[in-house]
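The values are calculated or read from the model by the stated rules, or taken from the named source; none is laboratory data. All figures in this text were calculated on a predicted structure; none of them were measured in a lab. A quick note on method: Cβ atoms are made from the backbone with ideal geometry, for glycine too, and the neighbour counts reach across all protein chains shown. We work out accessible area using only protein heavy atoms, side chains counted, and drop any ligands, DNA or RNA first. Shrake-Rupley method; radii C 1.70, N 1.55, O 1.52, S 1.80 Å.
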Amino acid sequence: MTPSVSSLFDLNDRTAVVTGSSSGIGEAIAGFLADAGARVVLVARRQDRLDALVDSIKRDGKEAVAIAADLSDVENVSKIAERCQKGFGEVHILVNAAGVNLRQPAEDVTPQSWNQTIQLNLSTPFFFAQALVPGMKAAGYGRIINIASLQSVRAFPDGIAYGASKGGVCQLTRAMAEAWSSDGITCNAIAPGFFPTELTAPVFDDNERRRWAADQTAIGRNGELKDLAGISVFLASPASDYITGQTIFVDGGFTAR
């Protein structure tokens, strides 16, 4: 029997972990998945911001818990993943949205800043997924969604470490798909264009840079967080069963020009 279209996007009885969910894209995606019925585990450093989001989700009649943790230390990632599985049981969906962009000229990058960027943007997504994959295999359902970037394929000033890490995210996504898709676990990446977040504040606080970014798109405007709702739910849901290893650009046509 062919499932109904609405059931393909239904996330009821699914548990999602969203890292970096105290602000920006991570916070938005957590809300979208909760709206689609998922139980959401929010992971980030700022407890007060997490608590506010939990309260907001619960007011809408959905389920959420918060785990305040620092994901930059790869050695602790497996322990954080264990805590995530205590909230609502086995995790079905992982969104790796935590990230950092230090915006340093190439000449100013140090081993410390390089490692900080690579660890949080590239190493943590892998080791977090690795820790949760056994539960996904047992559940017979897994969705891993990484966050790539325009800088996965384009070079921007002061972005050498960030660009290297986000270029790696695209290949990591393909390699994760090759490793785990036969077990019912798909892995894809969303590559946003320019969206207003804490990380992009230097762009959006500058009128000239903001207009420049909008002018590079085919649509003629910068992104709004609501523009990520459809793709987030799609990649987390059964609707995307046969899609894996892909990086999907949600950029208003920035990379099409």
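Only residues that are more than 17 Å from V133 (Cβ to Cβ) and assigned to a helix (DSSP H, G or I): list them for segment 59-95, please.
The answer is R59, E75, N76, K86, G87, F88.
Could you check E224 against (1) without any contact (Cβ under 8 Å) to a residue 60 or more places away in the chain; (2) surrounded by 16 or more Cβ atoms within 10 Å (Cβ to Cβ) and say which number it fails?
The one condition E224 does not meet is (2).
For V40, only one of the following conditions fails: (1) touching an Asp or Glu at 6+ places or on another chain (Cβ under 8 Å); (2) in a loop (DSSP other than H, G, I, E, B). What is its number?
So V40 meets the others, but not (2).
Would you point out the residue of segment 85-108, among those that are within 14 Å of A139 (Cβ to Cβ), over 16 Å from the mean Cα position of the chain (by Cα) and not acidic (D, E), that is least open to solvent (accessible area, probe 1.4 Å)? It would help to see each step written out before you state the result.
Looking only at segment 85-108, we keep the residues that are within 14 Å of A139 (Cβ to Cβ), and these are 85, 88-94.
From what is left, the residues that are over 16 Å from the mean Cα position of the chain (by Cα) are 85, 88-90.
Checking the rest, the ones that are also not acidic (D, E) come to 85, 88-89.
Details: Q85: 54, F88: 52, G89: 29 Å².
Per the criteria, the residue is G89.
Being under 30 Å from G253 (Cβ atoms), assigned to a loop (DSSP other than H, G, I, E, B) and without any contact (Cβ under 8 Å) to a residue 12 or more places away in the chain is true for just one of A98, A155. Which residue is that? Write out each step before concluding.
Values: A98 fails: without any contact (Cβ under 8 Å) to a residue 12 or more places away in the chain.
The match here is A155.
It is to be established whether one or more residues within segment 250-257 are assigned to a helix (DSSP H, G or I), surrounded by fewer than 17 Cβ atoms within 10 Å (Cβ to Cβ) and not hydroxyl-bearing (S, T, Y).
Taking segment 250-257 as the starting set, the residues that turn out to be assigned to a helix (DSSP H, G or I) are 254-256.
Cutting the leftovers down to surrounded by fewer than 17 Cβ atoms within 10 Å (Cβ to Cβ) gives us 255-256.
Going one step further and asking which of them are not hydroxyl-bearing (S, T, Y), we end up with 256.
Looking through segment 250-257, at least one residue is assigned to a helix (DSSP H, G or I), surrounded by fewer than 17 Cβ atoms within 10 Å (Cβ to Cβ) and not hydroxyl-bearing (S, T, Y).
Could you list, in sequence order, all residues of segment 178-221 that are of a type in the set (G, A, S), open to solvent by 20 Å² or more (accessible area, probe 1.4 Å) and in contact (Cβ under 8 Å) with a residue 24 or more places away in the chain?
Filtering segment 178-221 down to residues of a type in the set (G, A, S) leaves 179, 181-182, 184, 189, 191, 193, 201, 213-214, 218, 220.
Checking which are open to solvent by 20 Å² or more (accessible area, probe 1.4 Å) leaves us with 179, 181-182, 184, 201, 218, 220.
The answer is S181, G184, A218, G220.
Residues in segment 78-118 that are at pLDDT 95 or above, more than 20 Å from T200 (Cα to Cα) and touching a Ser or Thr at 6+ places or on another chain (Cβ under 6 Å): how many?
2
Take the conditions assigned to a strand (DSSP E or B) and open to solvent by less than 50 Å² (accessible area, probe 1.4 Å) and apply them to C170. Does it pass?
Working: assigned to a strand (DSSP E or B): no; open to solvent by less than 50 Å² (accessible area, probe 1.4 Å): yes.
It is false that C170 is assigned to a strand (DSSP E or B) and open to solvent by less than 50 Å² (accessible area, probe 1.4 Å).
List, please: which pairs have Cβ atoms under 6 Å, are six or more places apart or on different chains, and start with a residue in segment 230-246 that is at positive phi and open to solvent by 20 Å² or more (accessible area, probe 1.4 Å) and end with one that is among the hydroxyl-bearing types (S, T, Y) and outside any helix (DSSP H, G or I)?
none
Can you tell me which residues in segment 6-30 are open to solvent by 20 Å² or more (accessible area, probe 1.4 Å) and either basic (K, R) or farther than 15 Å from I147 by Cβ (or both)?
Listed by number, the residues that qualify are S6, S7, L8, F9, D10, N12, D13, R14.
Within the set of pairs 6+ apart or on separate chains, which have a first residue in segment 4-26 that is free of Cβ contacts under 8 Å to residues at least 60 places away in the same chain, a second that is assigned to a strand (DSSP E or B) and of a type outside the set (K, R), and C-beta atoms under 7 Å apart?
Going by the 7 Å Cβ cut-off, the qualifying pairs are S22/A44.
Assess whether T186 counts as being more than 15 Å from I147 (Cβ to Cβ) and not charged (D, E, K, R).
Yes, satisfied.
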